[in-house]
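Take a look at the structure set out below.
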Amino acid sequence: MALPPALAAVLLIVVAMIYDWRTRGRPHRVYVYGAVLTILTIALIIPLSETRLWMSAARIIQHLGG
């Protein structure tokens with residue numbers, strides 16, 4: 001469920017990077033850092049989402065909501 005929003009975030013970052021590249025000659029480094037961190041997050045979502053530790057954390061968060 002978290003993959004499509006994360007991919008949309010990467011797409012928005014890429015659009016901003018392209019805009020910077022075309023208007024300023026290079027993308028701002030914050031966009032580059034943001035894209036790298038977002039892609040790393042996406043790469044870690046799938047393998048970590050099925051671990052016992054994550055399921056325990058998810059149950060704790062779920063109980064906080066009532």
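The values are calculated or read from the model by the stated rules, or taken from the named source; none is laboratory data. It should be emphasised that the depicted structure is a prediction, and the values quoted were computed from it without experimental measurement. Note: ideal-geometry Cβ built from the backbone for every residue, glycine included; neighbour counts use all protein chains shown.
Quick notes
- In region 5-13, the condition of being among the β-branched types (V, I, T), outside any loop (DSSP other than H, G, I, E, B) and in contact with a helix residue (DSSP H, G or I) (Cβ under 7 Å, 6 or more places away or on another chain) is met by at least one residue.
- Count of region 1-48 residues which are under 14 Å from the mean Cα position of the chain (by Cα) and not aliphatic (A, V, I, L, M): 7
- Test set (1) within 19 Å of the chain's Cα centre (by Cα); (2) exposed (fewer than 11 other Cβ atoms within 10 Å of the Cβ) - A58 fails condition number: (2)
- Subset tally (residues that are within 24 Å of L7 (Cα to Cα), modelled with pLDDT under 90 and not in a helix (DSSP H, G or I)) for region 43-65: 2
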